[in-house]
1. Rounded to the nearest whole Å², what accessible area per residue is found for the chain with the 1.4 Å probe?
2. Note down the Stokes-Einstein diffusion coefficient of the chain in µm²/s, whole number, using a Kirkwood radius over alpha carbon pairs, 20 °C, and 1.002 mPa s.
3. Quick one: among Ala12, Ala88, Ala60, which has the greatest mean-square fluctuation in a GNM of the chain with alpha-carbon springs under 10 angstrom?
4. What's the FRET efficiency of Lys42 with Ile105 using the Cβ-Cβ distance as r and R₀ = 30 Å, to the nearest 0.05?
5. Quick check: at a probe of 1.4 Å, how many percent of the accessible area of the stretch 35-107 sits on carbon and sulfur atoms?
6. Just in the stretch 1-33: which trypsin sites (Lys or Arg not before Pro) are loop by DSSP and have at most 12 other Cβ atoms within 10 Å?
7. Rounded to the nearest 500 deg cm²/dmol, what is the calculated helix-only ellipticity per residue at 222 nm for the chain, with -39500 (n - 2.57) per DSSP H run of length n ≥ 4?
8. Around Glu51, which amide H atoms from residues at least 5 apart in sequence, or from another chain, sit under 5 Å from its own amide H, with H modelled in the peptide plane?
Amino acid sequence: MASDRELAIFEAAIKLGALYHQFVGTPVSRMSAASIEAAIEKAVILQPYVEEITVRLDRARMTENIYGYSELAGLMFDVEIVTRVGFAYCRARLAPHDGYPLMSIVE
């Protein structure tokens, strides 16, 4: 059986992976970015074991197409999540690292 620590890490990883794949491709503009950040936070915080989540989108990477919007790409995400299982916590992050949207355990 997995420990609470292992389960907290697993839950953080699953949440970040699902968030990434669910929202990549979402239409976004610099004007709508704040509402999309809030919507992602409000959706993910509802899931089991999630204690905190902060989503920031890199507006500098948003280049408008001819219709006035961009599409969310992995390198636009800067996300930090805290999961808790029992008394074990995991703080994990999805953020650009060497040109790749890397998911990592912070603590």
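The values are calculated or read from the model by the stated rules, or taken from the named source; none is laboratory data. What you see is a predicted model, and the numbers here were worked out from it, not measured in a lab. Glycine gets a Cβ as well: all are built from the backbone with ideal geometry, and neighbour counts include every protein chain shown. All accessible areas refer to the heavy atoms of the entire protein, side chains included, with ligands and DNA or RNA removed. Shrake-Rupley method; radii C 1.70, N 1.55, O 1.52, S 1.80 Å.
1. Details: 6490 Å² over 107 residues.
For the chain, the per-residue accessible area is 61 Å².
2. Values: Rh = 14.3 Å.
Here the translational diffusion coefficient equals 150 µm²/s.
3. Judging by the Gaussian network model, the answer is Ala60.
4. About 0.80, to the nearest 0.05.
5. Details: 2320 of 4400 Å².
Carbon with sulfur: 53 percent of the solvent-accessible area.
6. none
7. On the way: 2 runs with 32 residues, N = 107.
It comes out at -10000 deg cm²/dmol, rounded to the nearest 500.
8. Val82, Thr83, Arg84
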